[in-house]
Amino acid sequence: MTEEEKLPFTSHLEELRKRLIHCFIAVLIGFGISYGFKEKLFEILTYPLMQVMDEGDTLIFTGIPEAFFTFLKVSLLSGILLAIPVIMYEFWMFVAPGLYKNERKLMLPIVIISSLFFIGGALFGYFIVFPYGFQFLLGFATDTLRPFPSMKEYLAFSAKLLLAFGFVFELPLVITFLAKIGLVTVDFLKANRKYALLIFFIGSAILTPPDVVTQVMMSVPLMILYEISIIGARVFGKKASADTVEVSE
């Protein structure tokens, strides 16, 4: 990137504002589409929970406007998921001016892969973590203790997990990108593997409910994704120049 191509800080802020507006519009469009199917979307979202609840048990709402606002939030969550390709595109396009011309050619594949990784993470949470996590948590019910989850509480719980798994599945792409621009190396990633694992368990404890099952079910995929990241860094990472190799020798 030449000096002429460098932008002042205010231009970066203007560019960021433009990208955020595009993301907001995409989410708004996704929200509008999703609102027409709000009841069906909420039914799909609650399906893993209903499968492990006793027959006849249902969700409840304890406040008069709770159902209305819950359907709004479900539509918003769906709108965000529908807008993920646009959000990823805008993010990587914001980063692109700091890359070399040959690196910018990779933006489209990166946008597609990052979108697939995010959706894959959310689907992993929905199909794998939800059933086992809900079964474990509802297992504490007794004859005198019955679960009566509310719509609002369930939505907050499930939305947090879906988005969390979506974002953590971006780990290989982010680390590979950092290796590509030379901020991390394969040796650095290997040497700090034990610290990364500690961070994963701490992060999982923060992002998931306070139970061992869901924490482990987030930590284990993160460990696997970290190893995939090392492979990605080795394949696509920035190679040391000949001069650097000579100096190190």
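The values are calculated or read from the model by the stated rules, or taken from the named source; none is laboratory data. Predicted model only: the values in this text are computed from it and were never measured. Cβ sites come from the backbone with ideal geometry, for glycine too, and all protein chains shown count toward neighbours.
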Q: Kindly indicate whether any position in the stretch 97-120 is within 18 Å of the chain's Cα centre (by Cα), surrounded by 14 or more Cβ atoms within 10 Å (Cβ to Cβ) and at pLDDT below 90.
A: yes
Q: Tell me, please, whether a residue that is hydrophobic (A, V, I, L, M, F, W, C), under 24 Å from PHE61 (Cβ atoms), touching a residue at least 40 places away in the same chain (Cβ under 8 Å) and not assigned by TED's automatic domain parsing to the domain that holds PRO209 can be found in the stretch 98-113.
A: no
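Mind checking whether some residue in the stretch 132-146 is of a type outside the set (Phe, Trp, Tyr) and within 30 Å of GLY232 (Cβ to Cβ)?
Going residue by residue through the stretch 132-146, those that are of a type outside the set (Phe, Trp, Tyr) are 133, 135, 137-139, 141-146.
With the extra rule that they be within 30 Å of GLY232 (Cβ to Cβ), the set shrinks to 133.
Checked against the condition, which is being of a type outside the set (Phe, Trp, Tyr) and within 30 Å of GLY232 (Cβ to Cβ), the stretch 132-146 yields at least one hit.
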Q.
Any residue at all in the stretch 50-61 that's surrounded by fewer than 17 Cβ atoms within 10 Å (Cβ to Cβ) and part of a helix (DSSP H, G or I)?
A. yes
Q: State whether the residues of the stretch 71-80 include one that is surrounded by 12 or more Cβ atoms within 10 Å (Cβ to Cβ), more than 30 Å from SER150 (Cα to Cα), among the aliphatic types (A, V, I, L, M) and free of Cβ contacts under 8 Å to residues at least 60 places away in the same chain.
A: no
Q) Quick one: ALA196 ticks every box in (1) touching a residue at least 12 places away in the same chain (Cβ under 8 Å); (2) under 30 Å from TYR100 (Cβ atoms); (3) not in a helix (DSSP H, G or I) bar one, so which box is it? A) (3)
Q. Taking the stretch 203-220, which residues are under 30 Å from VAL111 (Cβ atoms) and surrounded by fewer than 17 Cβ atoms within 10 Å (Cβ to Cβ)?
A. GLY203, ILE206, VAL220
Q | Residue satisfying all of: in the stretch 122-167; in contact (Cβ under 8 Å) with a residue 60 or more places away in the chain and under 10 Å from the mean Cα position of the chain (by Cα); surrounded by the fewest Cβ atoms within 10 Å (Cβ to Cβ) among these | A | LEU163
